[in-house]
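I have placed the structure first, in the form of structure tokens, so that the comments after it can refer back to it.
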There are 2 protein chains.
Amino acid sequence: MFSSVSAGRIAPMTTPSSPKRDPRDLPNIDDLVVGVLGGTGEQGRGLAYRLAVAGQKVIIGSRSADRAASAAAELGAGVRGADNATCAAESDIVIIAVPWEGHRDLLLSLTGELAGKIVVDCVNPMGFDKQGAFVLDVEEGSAAQQAAAVLPDSTVTAAFHHVSAVLLLDPNVESLDTDIMVLGDKREATDAVQALASRIPGMRGVYAGRLRNARQVEGLTANLISTNRRYKAHAGLRVTDV
Amino acid sequence: MFSSVSAGRIAPMTTPSSPKRDPRDLPNIDDLVVGVLGGTGEQGRGLAYRLAVAGQKVIIGSRSADRAASAAAELGAGVRGADNATCAAESDIVIIAVPWEGHRDLLLSLTGELAGKIVVDCVNPMGFDKQGAFVLDVEEGSAAQQAAAVLPDSTVTAAFHHVSAVLLLDPNVESLDTDIMVLGDKREATDAVQALASRIPGMRGVYAGRLRNARQVEGLTANLISTNRRYKAHAGLRVTDV
């Protein structure tokens, strides 16, 4: 009967007997070390900076330990730099912020270091042409599902797709006016990543489904790029009624 | 060089010489007649009700003119009911709010009546299993692209995917706390649909890209269903910095 659903229809979930749940009821992850692979790129540096300023221990990883170290020194706030393998090995939660082209190969090279870790994929497989951004097809369905396929011993989540690197890196921006959609198949991991997102002022981690529904969250970045162009903005997303 | 893009990176667009644009700078569409095909379903009735209360002339269409008329009478606010072909023929802007299974056939049957009209597709091709909602593959890429393929003489847009039918239909809800992502390839049409969305209190129509990027906007409904289940909410989306 529910093999499909009418246009736009979202099942009603609120009844008087089931009070709303608070998305801020999350575990304390303050003592966990966060690694950022691709940590010298714009998005990686932006997330590393914000998390470190919020008090998280952060290591940025790069192919070159030297480049990671100098990017870390530039960011300040206690951020350390290391080669990718060291970054992965010494972190509890590892954010994947590499360009899409290098995604699979990087993860394949770090399966051992990433085993047992929470992996947070924030890669958007996109192409550009004269009409703007579009979504690339991924054999596994999405970058996050590719990560899960390559890393069977890690717990893969997906998050931080839509936040503007420009705003993350702008020290004059005190608060980020956006929620972070967090996806994953294990509650413990999505809770931890939601808690991580929620450490950054203004941000809130909101659960947004299983990894099989990651493609459209990754792809929505192409839409936000169109929105940014139309309005000359750095669009973010707030989830309302949560 | 821009064949792909780094994780989460959204190009900066704001410079001191290019002031932000206002998403409320839109044409006046108050005199246009809005048809809603599938207007006796939850989403269709909800949109018809809100638009009519906002002062728009609204016709709901159904296979059965009688069923349309009785649903229209129940909604009040001046909503009229008609069979689908009459609804399409007498409207300037036609919202497609039918179940996904009937989408292609309905549009094929109305190519003449919909010629020259602005069509607003709000259909979400989704399936459900014990893990929740998931996105169905569509040959044309998305429901909206299928509409564009079937209706070469109409101007197809996509919008109203994420708004909760429950909230639309609840007369105690005075304001809808959500933006409406509007997609399409012709500015005049997306502007009109944004103006339409913006007539409903609380709602704002925000441009969100071309039809080729409709799949992920349609699919995101599956994620919002997961969010609704987790938090017992009726989640909507606000686009920030716009």
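Filtered by the rule that a residue be part of a loop (DSSP other than H, G, I, E, B) and either open to solvent by 40 Å² or more (accessible area, probe 1.4 Å) or more than 13 Å from every other protein chain (Cβ to nearest Cβ) (or both), region B:86-121 gives B:E90, B:S91, B:D92, B:P99, B:L110, B:A115, B:G116, B:K117. Test A:G61 against the criterion of being surrounded by 15 or more Cβ atoms within 10 Å (Cβ to Cβ), in a strand (DSSP E or B) and at pLDDT 95 or above, and give yes or no. Judged against the criteria, A:G61 is a match. Considering only residues in region A:213-238 that are in contact (Cβ under 8 Å) with a residue 12 or more places away in the chain and open to solvent by 10 Å² or more (accessible area, probe 1.4 Å), the one that is farthest from B:S226 (Cα to Cα) turns out to be A:R229. Testing A:R210 on (1) under 14 Å from A:D121 (Cβ atoms); (2) facing another protein chain (nearest Cβ under 7 Å); (3) in contact (Cβ under 8 Å) with a residue 60 or more places away in the chain, one condition comes back false. Which one is that? Every condition holds for A:R210 apart from (3). Of the residues making up region A:183-207, those that are at the interface with chain B (Cβ under 10 Å from one of its Cβ atoms) and β-branched (V, I, T) are A:T190, A:V206. Criterion first (farther than 17 Å from A:L169 by Cα, among the small types (G, A, S) and modelled with pLDDT of 95 or more) does A:A89 satisfy it? It is true that A:A89 is farther than 17 Å from A:L169 by Cα, among the small types (G, A, S) and modelled with pLDDT of 95 or more. All conditions but one from (1) at the interface with chain B (Cβ under 7 Å from one of its Cβ atoms); (2) within 14 Å of the chain's Cα centre (by Cα); (3) over 30 Å from B:D137 (Cα atoms) apply to A:G219; the one that does not is (3). Does B:V166 satisfy the condition of being modelled with pLDDT of 95 or more and either out of contact with any Ser or Thr (no Cβ under 6 Å at 6 or more places or on another chain) or more than 9 Å from chain A (Cβ to nearest Cβ) (or both)? Answer is no for this residue. Can you list residue pairs whose Cβ atoms sit under 6 Å apart, with the first residue in region A:148-163 being within 14 Å of another protein chain (Cβ to nearest Cβ) and open to solvent by less than 10 Å² (accessible area, probe 1.4 Å) and the second being of a type outside the set (A, V, I, L, M, F, W, C) and in a loop (DSSP other than H, G, I, E, B)? Count only pairs 6 or more apart in sequence or on different chains. From residues that are within 14 Å of another protein chain (Cβ to nearest Cβ) and open to solvent by less than 10 Å² (accessible area, probe 1.4 Å), the pairs are A:F160/B:G8; A:H161/A:N124; A:H161/B:G8; A:V163/A:T178. The one condition from (1) open to solvent by 10 Å² or more (accessible area, probe 1.4 Å); (2) in a helix (DSSP H, G or I) that B:V242 does not meet is (2).
Exactly one residue out of B:F128, B:F134 is in contact (Cβ under 8 Å) with a residue 60 or more places away in the chain, closer than 20 Å to B:N223 by Cβ and either touching a strand residue (DSSP E or B) at 6+ places or on another chain (Cβ under 7 Å) or facing chain A (nearest Cβ under 8 Å) (or both): that is B:F134. Name every residue in region A:72-83 that is surrounded by 24 or more Cβ atoms within 10 Å (Cβ to Cβ) and either outside any helix (DSSP H, G or I) or within 14 Å of another protein chain (Cβ to nearest Cβ) (or both), in order of residue number. Passing the criteria: A:V79, A:G81. Residues of region B:11-40 being open to solvent by less than 40 Å² (accessible area, probe 1.4 Å), in a loop (DSSP other than H, G, I, E, B) and either modelled with pLDDT of 95 or more or under 21 Å from B:D179 (Cα atoms) (or both), which ones? Passing the criteria: B:P23, B:I29.
The values are calculated or read from the model by the stated rules, or taken from the named source; none is laboratory data. Owing to the predicted nature of the structure, the values given are computational and were not obtained by experimental measurement. Quick reminder, even Gly has a Cβ in these numbers, built from the backbone with ideal geometry, and neighbours come from all protein chains shown. Remember, those area values only see protein heavy atoms, side chains included, never the ligands or the DNA or RNA. Shrake-Rupley method; radii C 1.70, N 1.55, O 1.52, S 1.80 Å.
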